[in-house]
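See structure below.
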Amino acid sequence: PSIRFFRVLIRESAIRGGKLFFSDKAGCTACHLGANFTDEKYHNLGVGMDAAEPDLGRFVVSKAEIDKGAFKTPTCRNVAQTAPYMHDGSQKTLEEVVEWYAKGGHPNQWLSEKVKKLDLTDQDKADLVAFMKEGLTGDFPQVEEDRLLPAAEAAKETLGGDPAKAEAARPQARAALG
């Protein structure tokens, strides 16, 4: 059996996976959240950190110690269509990705505090993969501009009625509305 979830037809396994994805048990939304299922931040998952000369990721640009081995969180939208996975393509399937997260990444001194070992059953893992394949594949949602208007109008008033300043504040208003 299947039901509609996110306006698409998906199986029960994918529905269970969606519930897990948004739960503390799986913790996916610690980094994969919002309309694009990404926090747009950089995290070290331990991928490749056991190499003799690991890819230092964001550190190369920022020079911040905390950024060693950190890479930008990708969107999970249409993730089933974007293999291979991780910054280095080392994981060929979503099943491998889920296993990577379940084991808590690869330990290293810069491992993101958001990466933790997960207590997932084989069924949980299969359900998460089903959700990513069925529930996150499809057209991107349309942004409804009219829902942004109250925040834009408030910004316009706050900024003294200056339309240019109000337009410049629009991205902040969008972020506030999530």
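The values are calculated or read from the model by the stated rules, or taken from the named source; none is laboratory data. Bear in mind that the values here come from a model prediction, so they are computed numbers and not experimental data. Every residue, glycine among them, receives a Cβ derived from its backbone with ideal geometry; neighbour counts consider all protein chains shown. Heavy atoms of the whole protein, side chains included, go into the accessibility calculation; ligands, DNA and RNA do not. Shrake-Rupley method; radii C 1.70, N 1.55, O 1.52, S 1.80 Å.
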Among what's in region 69-80 and is in contact with a strand residue (DSSP E or B) (Cβ under 9 Å, 6 or more places away or on another chain) and open to solvent by less than 40 Å² (accessible area, probe 1.4 Å), pick the residue that is nearest to Q109 (Cα to Cα).
G69
Would you confirm whether any residue within region 11-23 is among the hydrophobic types (A, V, I, L, M, F, W, C), modelled with pLDDT of 95 or more and touching a Cys at 6+ places or on another chain (Cβ under 7 Å)?
yes
Elements of type helices (runs of 4 or more DSSP H) contained in region 34-149, each with 1 or more residues being among the charged types (D, E, K, R) and out of contact with any Phe, Trp or Tyr (no Cβ under 6 Å at 6 or more places or on another chain):
94-102, 122-130
Which residue out of T82, T29, T38 is touching a residue at least 24 places away in the same chain (Cβ under 8 Å) and within 30 Å of Q142 (Cβ to Cβ)?
T38
Looking only at residues in region 81-92 that are hydroxyl-bearing (S, T, Y) and open to solvent by 50 Å² or more (accessible area, probe 1.4 Å), which one is nearest to C28 (Cα to Cα)?
T82
